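As structure tokens, the structure follows; a few thoughts come after it.
The values are calculated or read from the model by the stated rules, or taken from the named source; none is laboratory data. Predicted, not measured: the structure shown is a model, and the values here were computed from it. Note that we place each Cβ from the backbone using ideal geometry, even for glycine, and neighbour counts take in every protein chain shown.
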Amino acid sequence: MKDFTGLLKAAAAARRHAYAPYSRFPVGAALQTAGGKIFTGCNIENVSFGLTVCAERVAVFTAVAAGQKELAALALVADTPEPPMPCGACRQVLHEFNPTIWIVCAGLNGKKRIFRLSELLPEAFTEF
Ligand code: THU
């Protein structure tokens, strides 16, 4: 398995930019492209709660908007006793670009879990 240390550091740094005045639950994400570039994201909340966007989706959209669609790994960091898991909506968005992307989940305490997206979103919706 790869060394995700740098990606986890980038996610932890991005978490510090979270805008989470309502939940007070800052989340950071960092995406690595196939070419080794890193794009980060944090959760951005809104007073109209449903408009909130998760850290993972901000990272994906930032990468894609920069012309990078080959996504290799996503790291996710929050201050939880057990590693935080990506929400269902973010799993589906990640699936769009790489159904087997590495997902690295880590607490600030250093606890870590590593998956392939295919483990977290089996039988995903793909065709209509
Ligand atoms: N959140 C994320 O950023 N990623 C997830 O995978 C789950 C939840 C954010 C959304 C909201 O700002 C806060 O965490 C509490 O749900």
Quiz item: Can you name the residue in segment 42-57 that is more than 8 Å from the ligand (Cβ to nearest atom) and either β-branched (V, I, T) or part of a loop (DSSP other than H, G, I, E, B) (or both) and, of all such residues, is surrounded by the most Cβ atoms within 10 Å (Cβ to Cβ)?
Solution: N46
Self-check item: G67 vs. criteria closer than 30 Å to F128 by Cα and surrounded by 19 or more Cβ atoms within 10 Å (Cβ to Cβ)
Solution: no
Quiz item: at pLDDT 95 or above, part of a helix (DSSP H, G or I) and either of a type in the set (A, V, I, L, M) or more than 21 Å from S23 (Cα to Cα) (or both), is that true of Q68?
Solution: no
Quiz item: Can you tell me how many residues in segment 1-49 are among the basic types (K, R) and at pLDDT below 95?
Solution: 1
Quiz item: Looking at this structure, is A75 part of a helix (DSSP H, G or I) and either over 20 Å from K111 (Cβ atoms) or among the small types (G, A, S) (or both)?
Solution: no
Quiz item: Looking only at residues in segment 1-13 that are of a type outside the set (K, R) and in contact (Cβ under 8 Å) with a residue 40 or more places away in the chain, which one is surrounded by the most Cβ atoms within 10 Å (Cβ to Cβ)?
Solution: A11
Quiz item: Which condition breaks for R91 when tested against (1) within 11 Å of the ligand (Cβ to nearest atom); (2) more than 22 Å from F125 (Cα to Cα)?
Solution: (2)
Quiz item: Of all residues in segment 66-110, which are over 18 Å from A12 (Cα atoms) and touching a Phe, Trp or Tyr at 6+ places or on another chain (Cβ under 9 Å)?
Solution: A66, Q68, K69, E70, L71, A72, Q92, V93, H95
Quiz item: Of the residues F128, F115, F97, F39, which single one is surrounded by fewer than 12 Cβ atoms within 10 Å (Cβ to Cβ) and either touching a strand residue (DSSP E or B) at 6+ places or on another chain (Cβ under 8 Å) or farther than 20 Å from K2 by Cα (or both)?
Solution: F128
Practice problem: Would you point out the residue of segment 14-36, among those that are of a type in the set (S, T, N, Q) and more than 8 Å from the ligand (Cβ to nearest atom), that is surrounded by the most Cβ atoms within 10 Å (Cβ to Cβ)? | Solution: Q32
Quiz item: Name the residues in segment 30-47 that are under 17 Å from E70 (Cβ atoms), touching a helix residue (DSSP H, G or I) at 6+ places or on another chain (Cβ under 8 Å) and of a type in the set (A, V, I, L, M, F, W, C), would you?
Solution: A30, L31, I38, F39
